[in-house]
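Below is one structure, written out as structure tokens, with a few remarks after it.
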Amino acid sequence: MVKTKWLVLLTAMTLLATSCKVSVTPSGGGGRKVYKAGDIALAKIKIGNTEYDNTAEVYVTGPDGATIVGKGNSGVFIEGRTVILSPYVMGKYEVTQQLYQAVMNGNSDGIIANPSLFTGSPATGEEQNYRPVEWVNWYDAVYFCNLLTEKTMTAADKVYTISGITVDSTNHNISSATVTADLTKKGYRLPTEAEWEFAARGGNTSAADWNYLFSGHDTEDGKTDSDEENSGLDAVGWYSDNSDRKTHAVGSKGQNSANALGIYDMSGNVWEWCYDWYDSISTGNVTDPTGAGSGIHHVFRGGSWSRRAGDCSVCRRSWTNGRTNDLGFRVVRSAQ
């Protein structure tokens, strides 16, 4: 069956971003490992005897984590809120179609291993395998994280307990399940919304790009997040004005498109799932927040090939309970 590449079923709602500025300071404590934010934590994911390109991971914080003091009124780091994050590692790239298929092939629940709608006609010079996976819902993404953990670590390292799985008989994706998380485990998982935004901002209080509108580049002079086009985003991301209405190979904007941590595509290409149920952001002091205890929609962040420039802001929040052809994910794991 031919899958159309023009379909975007975006059932999400979006909050307008007004001010993205926050401040951040290192968290206290004595670190045990010797590394700094931006250092490579893993060069390539290896499954069996095969190493996969475009799967490198970086440390997002130093070994003592970070404390973020909120400022402004959008994103998760708002005025009156202080967030403490434990140290963690994040993929430099969105999960590719190649890696997703390698992990999901032969899974015991019959979940489709190649769900993407963009399966042909990549942009000139780009490789199909390295386009980001899309058309995956939140349940599919957490299932992938568990299976990736099993194939690269051990089953005991899995973060998620997933029970009551129902697989859609037509689309062969997970339509419902019960999911709980144990963040003390070292396996792969989705980033929390706070972890996602911290990484997208670059994680460095002294760097100018901490307050950029986009991940790795600031807005064009005279432009606001309500404008359709923005040359600031053209430099680092794929969005509606430059994408030719399709996804692009991860990192294909080039080495200079990475943000301060060396992470690519956190503004544009595909939206990215976070772990959290959507809820309003409250003030106060929180450590490793994971969002509401329950809800209807899960959070996703970062904008996509189909969206205007402002939707790709580092502080734009969106949510859905479905799947779209402009929504994928990247993985994180605790730095242990």
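The values are calculated or read from the model by the stated rules, or taken from the named source; none is laboratory data. Computed from a predicted structure; not experimentally measured. For neighbour counting, all protein chains shown are included, and Cβ atoms are generated from backbone atoms with ideal geometry for every residue, glycine included. Each accessible area value is taken on the protein alone, full model and side chains, heavy atoms only, with ligands, DNA and RNA left out. Shrake-Rupley method; radii C 1.70, N 1.55, O 1.52, S 1.80 Å.
Cα convex hull of the stretch 223-283: how many Å³ per residue?
152 Å³
At 18 angstrom or more along the helix axis (alpha-carbon based) and mean Kyte-Doolittle of -1.0 or higher, what helices does the chain contain? Whole DSSP H runs only.
Membrane-span-like by this criterion, though nothing is claimed about a membrane: 138-152.
Roughly how many Å is it from the Cα centre of the stretch 52-94 to that of the stretch 146-166, as a whole number?
23 Å
When the dipole is taken about the Cα centre of the stretch 200-253, and only Lys, Arg (+1) and Asp, Glu (-1) are charged at their Cβ, what size is it in debye, to the nearest 20?
The calculated dipole for the stretch 200-253 is roughly 360 debye.
Once the mean 1/r over all distinct Cα pairs of the chain is inverted, what Kirkwood radius in angstroms do you read off?
Values: mean 1/r = 0.0509 Å⁻¹.
19.6 Å is the Kirkwood radius here.
Write down the accessible area per residue of the chain in Å², having rolled a 1.4 Å probe over the full set of protein chains.
On a per-residue basis, 40 Å².
If you place +1 on the Cβ of every Lys and Arg and -1 on the Cβ of every Asp and Glu, how big does the dipole about the Cα centre of the chain come out, in debye to the nearest 20?
Taking the Cα centre of the chain as origin, the dipole is about 640 debye.
Taking the mean number of other Cβ atoms within 10 Å as a proxy for protection, how do you rank 77-83, 246-252 from highest to lowest? List each step's numbers first, then the result.
Working: 77-83: 18.4, 246-252: 24.0.
Final packing ranking: 246-252, 77-83.
Relative contact order (percent) for the chain, with alpha-carbon contacts under 8 angstrom and 6 or more residues of separation?
Working: 876 pairs, mean separation 79.9, N = 336.
Computed value for the chain: 24 percent relative contact order.
Can you order the peptides 174-181, 306-313 by their average number of other Cβ atoms within 10 Å per residue, highest first?
306-313, 174-181
Beta carbons within 10 angstrom, averaged per residue: use that to sort the peptides 114-126, 259-271, highest first.
259-271, 114-126
State the answer as a single residue: which of Ala181, Tyr93, Ser121 lies farthest towards the positive end of the charge dipole of the stretch 78-198, with beta carbon charges of +1 for Lys and Arg and -1 for Asp and Glu, about the Cα centre.
The residue sitting most towards the positive pole is Ala181.
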